[in-house]
Amino acid sequence: AKILLVDDRPENLLALEAILSALDQTLVRASSGEEALKALLTDDFAVILLDVQMPGMDGFETAAHIKRRERTRDIPIIFLTAINHGPHHTFRGYAAGAVDYISKPFDPWVLRAKVSVFVELYMKNCQLREQAALLRLQLEGGGRQAAGGAKESPGLLAELSARLAAVEEQAEALSKQLDDDSADAAAVATAAHLERKLTGLRRALDALEPGTGSAPSVSSQG
């Protein structure tokens with residue numbers, strides 16, 4: 001997964017890289033809001049760490065541009081700021097679309113833990129999209145086979161089911177982790193959305209099982 005780090009001060013970017021390197025993900029630097037928006041044109045990111053106080057386009061304005069784009073509007077944004085102007089300043093950050101707001105100096109462990117949650121959610125969503133693509137192919141192929149009187153391929157169905165079960169298990173474990181840690185509401189909501197997608201995918205897959213006239217009950221893992 002790629003993580004976008006946006007700060008106009010090189011030493012701050014270096015510090016963020018040192019903190020997040022343990023996650024073993026791809027860290028992408030941007031020294032301005034404009035540079036961040038350019039990076040978002042071509043790459044997909046799991047989360048954005050965005051400094052509020054930057055010359056030119058500040059963090060709030062950058063976040064507004066990110067949230068206006070259909071391609072990037074759902075990417076979680078964590079605001080980082082060295083100053084605290086009180087509740088109004090914090091509210092402005094959340095109003096701009098941030099999922100979290102952290103004041104510098106921040107606890108490296110806390111920041112790393114928060115980022116890791118969104119990286120994990122991003123990876124689960126990527127897996128889910130892959131399973132959905134495979135399922136669409138199976139549905140299309142099944143429709144053509146049904147027209148010719150052929151049966152569904154049990155081998156492919158079994159492989160799809162096994163892959164989906166693995167994602168379901170990981171999503172369930174992540175949801176329990178979020179509950180245990182009293183995580184951010186945005187992370188919990190994203191995890192719930194992921195589980196709803198998994199439930200729909202499981203129903204569609206179960207409906208393809210030979211001899212099934214209607215969608216059976218959802219797997220307990222979903």
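In the range 24-45, the residues that are farther than 12 Å from Ile75 by Cβ and free of Cβ contacts under 8 Å to residues at least 60 places away in the same chain form Cβ pairs under 6 Å with partners that are open to solvent by less than 30 Å² (accessible area, probe 1.4 Å) and small (Gly, Ala, Ser), at six or more places apart or across chains, as follows: Val28/Ala39; Ala30/Ala36; Ala30/Ala39. Within the range 177-213, work out how many residues are modelled with pLDDT under 70, among the polar types (S, T, N, Q) and open to solvent by less than 80 Å² (accessible area, probe 1.4 Å). Selection size over the range 177-213: 1. Listed by first and then second residue, the pairs with beta-carbon distance under 6 Å, at least 6 apart or on different chains, first residue in the range 52-65 and over 13 Å from Ser31 (Cβ atoms) and open to solvent by 80 Å² or more (accessible area, probe 1.4 Å), second modelled with pLDDT of 90 or more and not charged (D, E, K, R), form an empty list. Residues considered: Leu13, Leu27, Leu41, Leu5. Of these, the only one that is farther than 22 Å from Lys124 by Cα and open to solvent by less than 50 Å² (accessible area, probe 1.4 Å) is Leu13.
Elements of the type helices (runs of 4 or more DSSP H) sitting completely within the range 31-111 and holding at least 2 residues that are at pLDDT below 85: these cover 87-95.
The values are calculated or read from the model by the stated rules, or taken from the named source; none is laboratory data. Please read all numbers here as calculations on a predicted model, not as lab measurements. Using ideal geometry, Cβ is built from the backbone for each residue, glycine included, and neighbour counts are taken over all protein chains shown. Just the protein is used for accessible areas: all its heavy atoms, side chains included, with ligands, DNA and RNA removed. Shrake-Rupley method; radii C 1.70, N 1.55, O 1.52, S 1.80 Å.
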